[in-house]
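The values are calculated or read from the model by the stated rules, or taken from the named source; none is laboratory data. Here the structure is a predicted model, which is why all the values come from computation and not from measurement. FYI the Cβ positions are ideal-geometry reconstructions off the backbone, even for glycines, and counts take in every protein chain you see. For accessibility, only protein heavy atoms count, side chains too; no ligands or nucleic acids. Shrake-Rupley method; radii C 1.70, N 1.55, O 1.52, S 1.80 Å.
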Amino acid sequence: MTDWQEIADKYMMTTYKRLPVTLVRGEGCRLWDDNGKEYLDFFGGHVVVSLGHCHPVVVQAVMDQAMTLMHYSNIVYTTPQLELARLLIDNSCFDRAFFCNSGAEAVEAALKLARKWAKEQRGDAYEVICAENAFHGRTLATVTAGGTERYKAPFTPLPEGFCHVPYNDAAAIEQATSEKTCAVLLEPIQGEGGIVVPDDDYFPRVRAWCDKQNLLLILDEVQTGIGRTGALFGYQHFGIEPDIITLAKGLGGGFPIGAVLTKEHCSVFVPGDHGTTFGGNPLATRVGHAVVKHVLEKDVCGKAARAGEVLGHKLFELEDRFNFITAVRGKGLLWGIEFRRDMAEEVTLACLEGGLIVNNVRPNVLRLSPPLTIGDGELEQGLAVLERVLSTGYELAKTSGPAFEREWVSKDDGASEDM
Ligand SMILES: Cc1ncc(COP(=O)(O)O)c(C=O)c1O
């Protein structure tokens, strides 16, 4: 049998720390490796596979559009792009859309938009207030906007114009605001930061401050958008309207696409300001349209919200039972389990062994983000594997004390690398 991991070691750049598995097929919430072993997917390849693997609606859209018109650039009009723009705008508080290919590109476009808006509205202000532990992508600007020092350190000098304050602290944003500030950039729920859900009054207060100071509020919904939190967009939980949001991940259900949605008052790009060759091409946008249409028509958000309640309930039960779980946080089908020690990698590997894919988003936080279409039985089955894995640790803890520590403490920084 081909040793794909050896081939990766020899030919690939050493960019990613990977799980020791080679996946070859997926269907719904299930995946198979090159040995034919089956897994339940509670991760969705970094929170992407919103409708499950190879969902017929996604597959049909890919096939139909691939046989019709795969690519043309934005030098002409193409219909799938315009249909997706209309669908997103008609179902959000925004007025205009821009399409690109990834989350980082969407955030990059939003940052450029904010800077241009500020030149016209705020006398050359350019600084964006961001949150500690935020994640916005890996381009130079988005990695700078992110709040993880080790992702930035090798790439200095970084672009100017970003400052960081603690997340879920509106007063810190107020204090950090100066005449240089043009925008505030936040995730509705911090994803890569460890699934951090803000207090209910955080976004209303930030919105009010941005209104008072004439700042743009940009929400990065790359991870939370398109039903992930049980609403079409994360901002809808907080009773506010951002000026700009960014989307990617779940929008294409597995096909690469990114988007920026903006209110009319800050839709300031004119021809020549920004662009992308592939962004908004017929294939990607046809798939995006099929995904969003399906999500809306089949009440996928409602289903995700209900499944999320079941999932959350079970996780709180586990928190009550296992004293090494220090917190459980989440909304819809985006949940984090925080451990007292850095054991998330060990748990992830043990789950993999047991046929369940989960994600060690931080050394001490496990992320669960199954497809929004997950069935009750699959949810139960996956949770049973997780419970079994955690119980093994619990049994060890009861019987062997310090051995438990040795068993569960990871050897190095065990977090999976963010994309
Ligand atoms: C909130 C958020 N923004 C941006 C990104 C970057 O997206 P991409 O990896 O598609 O560039 C991510 C990826 O994890 C994300 O979670």
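With a point put 7 Å past each Cα toward its Cβ, work out how far Thr139 is from Asp200 in nm, to one decimal.
Simple spin-label model gives 3.8 nm for this pair.
Between the DSSP loop rule and a limit of at most 11 other Cβ atoms within 10 Å, which chymotrypsin sites (Phe, Trp or Tyr not before Pro) in the stretch 1-82 are left?
Tyr16, Tyr77
Pull up all non-local amide H partners of Ala183: gap of 5 or more, or a different chain, and H-to-H distance under 5 Å with H placed in the peptide plane.
Ile129, Leu216
Under 1.5 on a/c is rounded, so check that first for the stretch 17-115, then, if it is not, pick prolate when a/b is larger than b/c and oblate when it is not; a ≥ b ≥ c are the square roots of the alpha carbon gyration tensor eigenvalues.
prolate
Taking the Cβ of Val389 as the center, what net charge do the other residues with Cβ under 10 Å away carry, scoring Lys and Arg +1 and Asp and Glu -1?
Value of the local net charge: -2.
Just from its helices, what would the mean residue ellipticity at 222 nm be for the chain, if runs of 4 or more DSSP H residues each count -39500 (n - 2.57) and the sum is divided by every residue, rounded to the nearest 500 deg cm²/dmol?
-12000 deg cm²/dmol
What is the set of long-range amide H partners of Val165 at a cut-off below 5 Å, with H atoms built 1.01 Å from backbone N?
Cys130, Ala131, Glu132
Tell me, what ³J(HN,Hα) does each residue in the stretch 101-110 have, in order and in whole Hz, if you take phi through Karplus 6.51 cos²θ - 1.76 cosθ + 1.60 with θ = phi - 60° and put x for Gly and Pro?
Those phi angles translate into 10, 7, x, 4, 5, 5, 5, 4, 5, 5 Hz.
Across the stretch 10-23, in residue order, what do the Karplus-derived ³J(HN,Hα) couplings come to in whole Hz, using 6.51 cos²θ - 1.76 cosθ + 1.60 with θ = phi - 60° and x for Gly and Pro?
Once θ is set to phi - 60°, the couplings for the stretch 10-23 become 7, 10, 8, 5, 8, 7, 10, 9, 10, 6, x, 8, 10, 8 Hz.
Quick one: accessible surface of Asp3, probe radius 1.4 Å, all protein chains present, in square angstrom to the nearest 10.
Its accessible surface works out to 80 Å², give or take rounding.
Normalise the Debye intensity by I(0) for the stretch 105-230, one equal point scatterer per Cα, no solvent, then take log10 at q = 0.09, 0.10, 0.11, 0.12 Å⁻¹ and round to two decimals.
Rounded to two decimals, the profile gives -0.23, -0.28, -0.34, -0.41.
Using only the Cα atoms of the stretch 303-373, what are the Rg and Dmax in Å?
11.7, 33
Apply 1/(1 + (r/R0)^6) to the Cβ-Cβ distance of Arg150 and Glu297, taking R0 = 30 Å, and write down the FRET efficiency to the nearest 0.05.
Calculated value: 0.10.
Near Cys182, within a Cβ-to-Cβ distance under 14 Å, what is the net charge of the other residues, with Lys and Arg +1 and Asp and Glu -1?
Residues close to Cys182 contribute a combined charge of 0.
From the alpha carbon gyration tensor of the stretch 251-294, can you work out the equivalent ellipsoid semi-axes (sqrt of 5 times each eigenvalue) and give them in Å, largest to smallest?
23, 14, 7
So what is the accessible area of the chain per residue, in Å², with the probe set to 1.4 Å?
The answer is 44 Å² per residue.
For the stretch 61-215, which whole-number percentage of the solvent-accessible area (1.4 Å probe, protein heavy atoms only) is attributable to carbon and sulfur atoms?
Carbon with sulfur: 52 percent of the solvent-accessible area.
So for the stretch 118-218, averaging the separation of alpha carbon pairs under 8 Å that are six or more residues apart and normalising by length, what relative contact order in percent results?
Once normalised by length, the contact order is 31 percent.
Would you kindly find the accessible area of Phe155, with a 1.4 Å probe and non-protein molecules such as ligands, DNA and RNA excluded, rounding to the nearest 10 Å²?
About 110 Å², ignoring ligands and nucleic acids.
Beyond a 27 Å Cα-Cα separation, which of these cross-linked pairs lie in this structure: Lys180/Lys263; Lys17/Lys116; Lys10/Lys249; Lys119/Lys293?
Lys17/Lys116; Lys10/Lys249; Lys119/Lys293
Would you mind getting me the FRET efficiency between Lys212 and Asp124? Use the beta-carbon distance for r and R0 = 35 Å, nearest 0.05.
Calculated value: 0.95.
Taking 8 Å as the Cα distance limit and 6 or more residues as the minimum spacing, I'd like the relative contact order of the chain as a percentage.
Rounded, it is 21 percent for the chain.
If you filter the stretch 142-198 for GluC sites (Glu not before Pro), then keep DSSP loop positions with at most 14 other Cβ within 10 Å, what is left?
Glu160, Glu179
Go through the stretch 113-129 residue by residue and turn each phi into a ³J(HN,Hα) via Karplus (6.51, -1.76, 1.60, θ = phi - 60°); whole Hz please, and just put x for glycine and proline.
Rounded to whole hertz, the list is 4, 5, 5, 5, 4, 5, 4, 8, 10, 9, x, 6, 4, 9, 7, 10, 8.
Under a 5 Å amide H to amide H cut-off, with H placed in plane at 1.01 Å, what residues pair with Thr373 once short-range neighbours are removed?
Correct list: Gly52.
Please list log₁₀ I(q)/I(0) at q = 0.06, 0.07, 0.08, 0.10 Å⁻¹ for the chain, using the Debye equation with identical point scatterers on the alpha-carbon positions.
-0.24, -0.33, -0.44, -0.69
Among Thr276, Thr79, what's the order by accessible area (1.4 angstrom probe), most exposed first?
Listed by decreasing accessible area, they come as Thr79, Thr276.
Ranked from the most accessible area to the least, with a 1.4 Å probe and all protein chains present, what is the order of Ser369, Ser267?
The ordering from most to least exposed comes out as Ser267, Ser369.
Cα centroid distance between the stretch 360-384 and the stretch 35-79, in Å?
Cα centres, the stretch 360-384 to the stretch 35-79: 21 Å.
Ranked from the most accessible area to the least, with a 1.4 Å probe and all protein chains present, what is the order of Asp199, Asp64?
The ordering from most to least exposed comes out as Asp199, Asp64.
I need to check one value: relative contact order of the stretch 1-128, counting alpha carbon pairs closer than 8 Å and at least 6 residues apart, in percent.
Across the stretch 1-128, relative contact order equals 10 percent.
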